[in-house]
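A short worksheet on the structure shown next.
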Amino acid sequence: MKTFGNILWVVFSGFWMALGWLFWALVLAVSIVGLPFARQCLKLAHLTLWPFGRTTIKSPDASLLGPIGNILWFIPGLFMAIGYAITGAILCIFVVTIPFGMQAFKFIPLALSPFGKEVVTSKDVTAAMAAARG
């Protein structure tokens with residue numbers, strides 16, 4: 001079912017939003033200073049293209065410079081967050097596409113602050129929670 005949901009997501013909005021992230025990656029990769037930001041764009045493009053069955057968690061290996069990166073991230077993050085908000089609103093118009101609209105809304109906080117987050121599969125999160133319980 002995840003694969004079917006991901007295919008529909010790509011058709012409805014994932015492809016265009018991933019292209020947006022790739023555009024920002026190209027713009028930011030022009031300078032050496034922008035390379036860490038371009039890497040975040042590529043991470044988000046990959047997640048945007050195939051989101052179902054994956055989630056983000058706070059990275060245990062996150063740098064202490066993550067909050068500074070998130071502040072500098074404001075411009076590309078704001079444009080993409082607005083794109084996700086518009087996409088989510090459009091997808092929520094029809095009952096059938098409401099789950100995809102909700103998925104678009106889930107990307108807004110990630111678009112605004114991607115530093116310090118890691119993409120993992122939902123199975124890994126479930127297994128870690130089960131191991132923590134005992």
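Read-outs: derived from the displayed coordinates by stated rules, not from any lab. Bear in mind the structure is a predicted one, so any value in this text is a computation, not a measurement. A quick note on method: Cβ atoms are made from the backbone with ideal geometry, for glycine too, and the neighbour counts reach across all protein chains shown.
Residue count for the stretch 23-41 under the criterion of being under 14 Å from the mean Cα position of the chain (by Cα) and surrounded by 17 or more Cβ atoms within 10 Å (Cβ to Cβ): the result is 6.
Do we have Leu110 as in a helix (DSSP H, G or I) and either crowded, with 19+ Cβ neighbours inside 10 Å or among the charged types (D, E, K, R) (or both) here? Judged against the criteria, Leu110 is a match. Consider Leu49 carefully, then state whether it is of a type outside the set (Asp, Glu) and farther than 16 Å from Thr87 by Cα. It is false that Leu49 is of a type outside the set (Asp, Glu) and farther than 16 Å from Thr87 by Cα.
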